[in-house]
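A short write-up of the structure that comes next.
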Amino acid sequence: MNPQPQPPATGQEDEITPQALRKQYEAGATVADLVATSGMSYGTVLNRLRTAGTVMRTSWQTRRLRENGQARRRLAARLRTLYDKHGATLTDLAAAGAGTRRAARRLLIEAGGTPRTTQQTLRMRTAADAPARKKLAVSLRARYEAGASVPELAEACHYSVATVYRLLHLANTRMRPPHRHGPAPRRRRRS
């Protein structure tokens, strides 16, 4: 049963902005709590929350949020570790327990983390993949120097020809002359 709204003081309803309601809701207040503290009707509170672009929680999410503040802090710390040390994205954090990207971002900030840009994430992942890429480049170089052509290497590794060229350049491979991907052709003697 919803609590009965208390009549607001003159002009009080106009002072409560949708953003203020959203901030309270995202901090853990329920719609019923906001009705009780603001004196507005249930429908008005819902409309103002929607106007502010609030992502509404299910009752299960609200119970989980309120059950244990320490559990929330532990989740936020775990998500920050995944984000900072393992290069996880906000989408990864949402799948790891935050629920949504917005909730993941909020938990990350609560744990003292700073959200990265997409470019920063790409650079971080590229740096983490560098040793494996270098190892692959060295193995491609050995096969190339043994006589394999770039198209053959691309087909064998399921990479594009351009990617194979980049990897070969990464391994400082001395390239054969253009369009001569195999052993040198034998010249015919004229009779």
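Once neighbouring chains are kept in place and the probe is 1.4 Å, which whole percent of the accessible area of the stretch 16-122 is contributed by carbon and sulfur?
53 percent
Could I have the simple spin-label model distance between Ala162 and Thr17, label points 7 Å from Cα toward Cβ, reported in nm to one decimal?
About 4.7 nm, to one decimal.
Per residue, what accessible area does the stretch 34-191 have, given a 1.4 Å probe and all protein chains present, in Å²?
Here the residues of the stretch 34-191 average 70 Å² of exposed surface.
To the nearest 0.05, what FRET efficiency results for Lys134 and Arg189 with a Förster distance of 41 Å applied to their C-beta separation?
0.35
Between (1) 44, 37, 30; (2) 112, 32, 25; (3) 63, 35, 28, which matches Cα extents along the principal axes in Å calculated for the structure shown?
(2)
Relative contact order of the chain: what whole-number percent is it, with Cα pairs under 8 angstrom and at least 6 residues apart?
Here the relative contact order equals 12 percent.
The values are calculated or read from the model by the stated rules, or taken from the named source; none is laboratory data. Given the structure is predicted, the values throughout are model-derived calculations rather than measurements. Note that we place each Cβ from the backbone using ideal geometry, even for glycine, and neighbour counts take in every protein chain shown. Just so you know, the surface numbers come from the protein's heavy atoms only, side chains and all, with ligands and any DNA or RNA stripped out. Shrake-Rupley method; radii C 1.70, N 1.55, O 1.52, S 1.80 Å.
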